[in-house]
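Okay, structure first, notes after.
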Amino acid sequence: MVPAEISVPTYVQRLLLVDRTAPQREGIAILEGILSGEAPFEVKNAAEATLTTVQQELNTSPRYEVIRARERLRGGLFAQTFPAPLMWEQIDGLCSEYGVDAVLVLEKFSSDFVITDKKKMIKKTVGTGKDAKEIEVQGIYLEGLAAVSAGFRLYDPQTRNIFDQANYDKTNLWSAEAETRTQAVALLIDKVRATQYVGRMAGASYAHRIAPMHVTINRTMYDKPKSNPALAKGSRLAQVGQWEEALDSWHQGLNQINDRKTGGRLCHNIALAYEVLNDLEDARIWAGRAFTDYGFKKGRSYAQEISVIMRQEEIVREQLARDTN
């Protein structure tokens, strides 16, 4: 688990999510949609996907109990800048109605989807069966670029402070090619799904800003050279989840080494086992030994990574602490 980018006060335990992207006036919203090529319902769906992702991501963290507001407030649909903040009386009312400690608001939201095309030679299969072959023909290559700008505010009613204000601009590119533009468009993602996808990217990014999150870490485990049976056996044990037995095997393997490289790999694997068993101090020590005792360069970087994780865990514990006042 990695810490949040910012540390929200620990007395904030119940968090309300509010959508403030309803248009101020429907007529103007329709006009803006015509000018931007985005219908208001399409932007609304993308904003909904953004907030839903915020909620889903926050629910994977033990940091908050997350509640979603039923109402959709008027504010920043198509907006490029943040609207005026909500009044504290309105924030107090939401906190009282939903029984929460703070309010996270999607204040503004805009999206765009631009398609560009160019002529390009593409490959085409002609014939069937044994007679099938690939030829090059003139075709059309399309690129669709989706962009979203999502602005969030976190209101803290206890201190009467907007604790956080952040804007996330996200983009993603898709492509398709075919003999005709019509065929290529049919293969390209449509703008509704594209803007929803990018909106979810923005929502996930903001969730990671305010809550500790689990992440996946990839590690290397060595099972060679086969001339050290304990190294290979320990790796097999680890692959079936028997990490303590694997640890014993690798320790035994240190008595059988005949070259520095094997010793470094054994120490690395021992460090890995301690990390899996959540003994980070021993993991750091053994990763360091892989470098200091055997000159295994990857051990140095591994020891540094473990040190970073240990510091992160301290921050996470502070961020997850419960306010007892």
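The values are calculated or read from the model by the stated rules, or taken from the named source; none is laboratory data. Only a predicted model underlies this, so the values are computations on that prediction, with no experimental measurement involved. FYI the Cβ positions are ideal-geometry reconstructions off the backbone, even for glycines, and counts take in every protein chain you see. Surface areas here come from the heavy atoms of the whole protein model, side chains and all, with no ligands, DNA or RNA. Shrake-Rupley method; radii C 1.70, N 1.55, O 1.52, S 1.80 Å.
Over the chain, with a Gaussian network built from C-alpha contacts below 10 Å, which listed residue (I91, I257, I162) shows the highest mean-square fluctuation?
Result: I257 has the largest fluctuation of those listed.
Write down the percent of antiparallel bridges among all DSSP beta bridges whose residues are both part of the chain, to the nearest 5.
75 percent
Taking the chain as a Gaussian network, where each spring joins two C-alpha atoms under 10 Å apart, which residue of T128, T195, T116 fluctuates the most?
Comparing T128, T195, T116 in a Gaussian network model of the chain, the most mobile one is T128.
Can you list residues from other chains, or at least 5 along the same chain, whose modelled amide H is less than 5 Å from the amide H of R68?
When sequence neighbours closer than 5 places are left aside, the close amide H contacts are L17.
Sticking to Cα atoms, compute the Rg of segment 150-298 to one decimal and its Dmax as the biggest Cα-Cα distance, whole number, in Å.
Expressed in Å, the Cα Rg and Dmax of segment 150-298 come to 25.1, 69.
Expressed as a whole number of Å, what is the distance separating the alpha-carbon centroids of segment 71-138 and segment 173-231?
Each part's Cα centre sits 16 Å from the other's.
For M221, what is the net charge nearby, where nearby means another residue's Cβ is under 14 Å from its Cβ and Lys, Arg count +1, Asp, Glu -1?
With Lys, Arg at +1 and Asp, Glu at -1, the net is +4.
For a quick check: with amide H placed at 1.01 Å from N, whose amide H comes under 5 Å from L73's, ignoring anything fewer than 5 positions away on the same chain?
Amide H to amide H, under 5 Å and 5 or more residues apart or across chains, L73 pairs with D19, R20, T21, A22.
Identify which of the listed values of Cα extents along the principal axes in Å was calculated from the structure shown: [x] 97, 56, 40; [y] 80, 79, 28; [z] 69, 48, 33.
The value computed from this structure is option [y].
Modelled label-to-label distance, I285 and Q304, 7 Å Cα→beta-carbon offset: nm?
2.3 nm
Give the long-range amide H neighbours of A211: residues separated by 5 or more places, or on another chain, with amide H under 5 Å away, using H modelled in the peptide plane at 1.01 Å from N.
Residues meeting the amide H criterion: E5.
Using the per-residue mean of other Cβ atoms lying within 10 Å as a proxy for protection, in what order, highest first, do the peptides 5-18, 134-147 fall?
5-18, 134-147
Could you tell me what percent of the accessible area of the chain is made up of carbon and sulfur, with a 1.4 Å probe and every protein chain present?
Ligands and nucleic acids excluded, carbon and sulfur give 50 percent.
For segment 258-325, state which trypsin sites (Lys or Arg not before Pro) are in a DSSP loop and have at most 13 other beta carbons lying within 10 Å of their beta carbon.
R322
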